[in-house]
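First comes the structure, then the notes that go with it.
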Amino acid sequence: MTDKKKLLRSLAGEAMDVPPVWLMRQAGRYLPEYRATRAQAGDFLSLCYNPELAAEVTLQPIRRFGFDASILFADILLIPQALGADLWFVTGEGPRLSTITSAADMAGMKTKDDIHETLNPIYETVRILAEELPKDVTLIGFAGAPWTVATYMIAGQGTPDQAPAHKLREEDPTTFDALMDLITEATIEYLDQQVKAGAEVVKLFDSWAGSLKGAAFDKYALAPAKRIISELKARHPDLPVIAFPREAGDKYIGFAKAVGADCLAIDTAVDVKWAAENLQVDGCVQGNLDPKLMITGGEELASEARRIRDALKGGPHVFNLGHGITPQADPENVHVLLEAIRS
Ligand SMILES: Cc1c2[nH]c(c1CCC(=O)O)Cc1[nH]c(c(CCC(=O)O)c1C)Cc1[nH]c(c(CCC(=O)O)c1C)Cc1[nH]c(c(C)c1CCC(=O)O)C2
């Protein structure tokens, strides 16, 4: 019998004194070797679609730090692009997309069956990683959840309050629901291909779930996640899934169970003692160190990391940040963090 990888043990429900660790955005601009490879590729999107170089940047933080898991290098906005949206990145500002705000815009979109033509290089990246990753490191595939992806497709960029998407869902629910359905179906096919290529776990990022309240949260965050996860598990019964309905607050309670996820990722605002009592009863919790501590470091970082680890060690836990590591983070602080958690 082979020893099961540490991340997979946590996702299967095992509590450990030293949890597995990985960081959201662990491949990224805070690493000089990432910036060099991105320059070699030309730009961020060219890097995403270059399987050799995308695999290389995925492996960089594994080599440098020895994390327990690796997340495919890609982006949640590749799905809109594969569905026919224009996508580009403005340096220092973020993503820009052509917008979907009417039935006529929807009529111009491609179908779920057309996405692979654009996304094939991503599956190739996964295949390379499945070969090249160290045998004890788990490979995580991912996609954006439909609501979060829709917010970018409707506004054409990131929005602080997701107002354009809320406006469309209230004023033209037919168009909005058609868009949500299209993203949901495309996401199922995209993640299915990632798993077939070698992803061992998948994570759904609903970064803007927190702006959905009450029944809207259930309809647009919970229901699509449930549909995606149940279809993936029908195709791949042993596939573990991590759900991240960021800033869901009280709506985190029962979410993992309701959508069929094996692990619930939580943001920095969630109190870990509350999480141990209210969320770990349903299984694994992932989180939730404040990414700002990766900039400042020192004893504050080490003691906060140990506090989170110890508060969650009574149940299954995957140590991570509450959101992505930022470009200002000091790579040396990752060593401080790992030393604090693993010693
Ligand atoms: C909302 C969202 C996006 N992308 C993603 C989310 C959900 C998680 C979250 O809330 O952060 C998810 C994502 N984006 C990226 C990954 C790769 C895997 C990883 O290391 O975590 C993952 C999992 C690479 C990336 N995606 C992006 C970069 C930076 C691009 C660069 O190198 O210039 C990386 C490494 C660009 C991106 N991509 C996106 C934005 C808003 C931006 C610009 C903002 C920023 O620059 O941080 C959309």
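None of the figures in this text is laboratory data; all of them are computed from the coordinates on show. These figures come from a predicted structure and were not determined experimentally. Positions of Cβ are backbone-derived with ideal geometry, glycine not excepted, and every protein chain shown enters the neighbour counts.
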Inset, instruction - Treating only the Cβ atoms of Lys and Arg (+1) and Asp and Glu (-1) as charged, compute the dipole magnitude of the chain about its Cα centre; round to the nearest 20 debye. - result: 500
Inset, instruction - Please name whichever of Leu293, Leu337, Ala216 sits farthest to the positive end of the charge dipole of the chain, dipole taken about the Cα centre and charges placed at Cβ: Lys and Arg +1, Asp and Glu -1. - result: Leu337
Inset, instruction - Starting with the highest mean, order 262-268, 252-258 by the number of other Cβ atoms within 10 Å, averaged over the residues of each peptide. - result: 262-268, 252-258
Legend entry - Charge tally in the Cβ shell below 14 Å around Glu131, where Lys, Arg are +1 and Asp, Glu are -1, Glu131 excluded: -3
Legend entry - Dipole magnitude of segment 138-270, debye to nearest 20 (Cβ charges: Lys/Arg +1, Asp/Glu -1, about Cα centre): 220
Legend entry - Residues with amide H under 5 Å from that of Gln286, placed H, sequence gap 5 or more: Leu264, Ala265, Ile266, Val318
Legend entry - Residue-wise HN-Hα coupling along segment 168-181, computed from phi with Karplus coefficients 6.51, -1.76, 1.60 (Hz; x: Gly, Pro): 5, 5, 7, 8, 9, x, 5, 5, 4, 5, 5, 5, 4, 5
Legend entry - Whole-Hz couplings from phi, Karplus 6.51/-1.76/1.60, listed for segment 297-313; x for Gly and Pro: x, x, 5, 4, 5, 4, 6, 5, 4, 5, 4, 5, 4, 6, 5, 9, 6
Legend entry - Taking the chain and dividing mean pair separation by its residue count, relative contact order in percent (alpha carbons under 8 Å, at least six apart): 21
Legend entry - Rounded tilt (10° steps) of 146-155 against the dominant C-alpha axis of the chain: 50
Legend entry - Crossing angle, helix 116-132 versus the chain [Cα axis fit, 0-90 degrees, rounded to tens]: 10
Inset, instruction - Could you tell me which of Ala225, Phe176, Pro237 has its Cα farthest along the dipole of segment 161-250 towards the positive end, charges placed at Cβ (Lys, Arg +1; Asp, Glu -1), taken about the Cα centre? - result: Pro237
Inset, instruction - Report, to two decimal places, the Cα Rg of segment 6-342 normalised by 2.2 N^0.38 Å (N = number of residues). - result: 0.94
Legend entry - Helix 51-65 axis, angle to the chain major axis (alpha carbon atoms, nearest 10°): 30
